[in-house]
Amino acid sequence: MQVARCAPALCGRKPNDLAADTACRQSIFVAARRNGTENRPSRTATRRMSDKLPAERQPKLEHEGETVEHGLRRHHDKSNTFIRPETQRCAMPWTFMAIGVGGSVVPCGYWAYSQGHSLGDTNRQTLDEIWNGSGYQELRSRHVSGDLEGYPCGSCMAFRHCTIGHYPQFEFGDVLWDQGFCYTVRIGERFWERHPASGGDMILLEDGVPLPHPQALHDDIRRLGKGRYSVWKGYIYFSTIDGSNPALNGRKYELRCGDDVTMLSRLDVDCASSRNMQLAYEEYCNGAISLVARPSTLGYIGTTDCNIDCPACSQNELRRTGIGNRPETTSDVLAHVRYLREFIWQGGEPYMMPRFRRFIDKFDRTLNPNLSFSFMSNGTMLNQAELKKTGQI
């Protein structure tokens, strides 16, 4: 579980900047996990793109069989025929829903920075109606076709500044697909701090058996797979023996350095959240527009109520107007928890919501053993008893 402390005055937002505040709150946990990964050549190339130039004047940049043009990456073969593989699509339209305090719904934390409009209203619609409504379907259709010119995703802040040269890709919990046969996992912080210079001595085990090719070149891991792996700057780049997805194959992966062992992220594959994630990935790869899978990541600003009146908080204006979500929205959100890989509950101060407190008090881990839960709090209502409860989620 993650807890973030609310400190709007520290991030440079202007008071009552509602759009910036909403986007910041929705993206804070999303963007953090995607920073610090290995720079790929195409990312380096795209750093030269000038955000100040209009799209039609931005240069076409090529590197190793790729062209980056107008925010889209296209692979090409020797005949210069462009191919846009489904793995280059943004995964957010197939995985993510963020609900603002007034019921507005956006597909990611970067949407507001590109002047994107709300894709639905939870004060009038259910989550399922919005998820397969016209807004989300148009969004998916745009990404499948690659027609993003003049659309908010065509000037995506994540593509330009966070996951540079790449749209956010499909996540299997903490396991990220890289390219080809290669997946990456961030090594646990404490384990890495104990062995920061011992990457060459670390052994990766699959169900207790060492994988056969340590310290392989990253390109070989991506191209050849078959148990090749590398420890690099706090991350492990690896492939499974049979080319399967390590997040979904049910196997246990451990990293060992001497007698010290850490478990890499593992999903419980026999539960609703894992089955939902597998279905979402199939629909994402197939370019489905109307989905059977439900969102796997859900952000919810449940209240503007707070026990502190911070002058710089943009939600002061919302509190005065009385804008909020209808009670049915919280029930709808909680009904989706069993299908989620990540749930981010924000405020205001969420501890001002009785439903939030009941969720913390009564959460049953067996309902969803894969759930990663985060919330944003000013911390004044967190005591040792509450911290103990949240530690069980």
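Looking only at Cα atoms, what is the convex hull volume of region 281-393 per residue, in Å³? It would help to have the intermediate numbers written out before the result.
On the way: hull volume 15.3 nm³, N = 113.
Normalising the Cα hull of region 281-393 by residue number yields 135 Å³.
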Inset, instruction - Please list 338-348, 169-179 highest first by mean number of surrounding beta-carbon atoms within 10 Å per residue. - result: 338-348, 169-179
Legend entry - P(r), alpha carbons of region 167-222 - 5 Å bins starting at zero, rounded %: 4, 14, 20, 27, 24, 10, 2
Legend entry - In nm, spacing of pseudo-spin labels at N307 and L334 (7 Å Cα→C-beta vector): 2.0 nm
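Roughly speaking, what is the stretch gain from S134 to K362, that is 0.36 nm per residue apart minus the C-alpha to C-alpha distance, in nm to one decimal?
Details: separation 228, 0.36 × 228 = 82.08 nm, distance 3.58 nm.
Value of the extension gain: 78.5 nm.
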Inset, instruction - Net charge near R320: determine it from the other residues with C-beta under 13 Å of the C-beta of R320, scoring Lys and Arg +1 and Asp and Glu -1. - result: -2
Inset, instruction - Please go through region 119-179 and write out the trypsin sites (Lys or Arg not before Pro) that DSSP classes as loop and that have at most 10 other C-beta atoms within 10 Å. - result: R124
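Each reported figure results from applying straightforward, stated rules to the coordinates on display, with no laboratory input. This structure is a prediction, so every number in the text was calculated from the model and none was measured. Using ideal geometry, Cβ is built from the backbone for each residue, glycine included, and neighbour counts are taken over all protein chains shown.
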